[in-house]
Amino acid sequence: MANQSDVEVHVKSLKSGERAHFKVPETATLDAVWNEAVNANHLNETRLPEDTFRCADGMDLTDRLQQTVAQVHQQKVCTNRHFEIKGPSGGAHA
């Protein structure tokens with residue numbers, strides 16, 4: 001039995017409205033998931049320094065970017081593996 005399994009993640013860009021669904025090893029860090037989403041042509045955008053990565057429920061993951069997908073799932077964070085990329089605040093208001 002393999003020690004590592006792939007899991008599907010869902011990343012939505014709040015900047016462009018685009019969505020990406022792809023598989024990553026459960027040992028991938030959230031930072032790696034974010035990079036994969038923007039660098040592997042899943043989303044047609046660039047990661048900017050002021051962008052944030054968060055759960056679909058709005059929970060900011062900035063302090064957890066070095067944790068793995070498996071670790072945050074075990075901590076009951078983003079258990080459905082739906083993530084969002086949020087651009088800088090300012091300009092438009094919700």
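Coordinate-derived values only; no laboratory data. Nothing here was measured: the structure is a model prediction, and the numbers come from that model. Cβ sites come from the backbone with ideal geometry, for glycine too, and all protein chains shown count toward neighbours.
Kindly work out what percent of the DSSP beta bridges joining two residues of the chain are antiparallel, to the nearest 5. Antiparallel bridges: around 75 percent, rounded to the nearest 5. Across q = 0.19 Å⁻¹, the chain modelled as identical point scatterers on its alpha-carbon atoms has Debye log10 I(q)/I(0) values of -0.84, in the order of the q list.
For the chain, the longest principal axis of the alpha carbon atoms and the long axis of helix 30-39 meet at an angle near 60°. Label-to-label distance, residue 44 versus residue 89, with points set 7 angstrom from Cα along the beta-carbon direction: 3.0 nm.
Calculated mean residue ellipticity, 222 nm, the chain: -4500 deg cm²/dmol, from DSSP H runs (n ≥ 4) at -39500 (n - 2.57) each, averaged per residue and rounded to 500. Please identify the GluC sites (Glu not before Pro) of the range 37-90 that satisfy two criteria: DSSP loop assignment and at most 15 other Cβ atoms within 10 Å. Which are they? Sparse-neighbourhood loop GluC sites (Glu not before Pro): 45, 50.
Let's test the formula: R0 of 25 Å, r as the Cβ-Cβ distance of residue 73 and residue 35. What FRET efficiency results, to the nearest 0.05? Could you put the intermediate results ahead of the total?
Numbers: r = 19 Å, r/R0 = 0.76.
The pair residue 73/residue 35 has a calculated efficiency of 0.85.
Using the Cα centre of the chain as the reference point, and only Cβ charges (+1 on K/R, -1 on D/E), how large is the resulting charge dipole? Debye, rounded to the nearest 20. Please list the in-between numbers first.
On the way: 10 positive and 13 negative charges, 31 e Å.
That gives the chain a dipole magnitude of about 140 debye.
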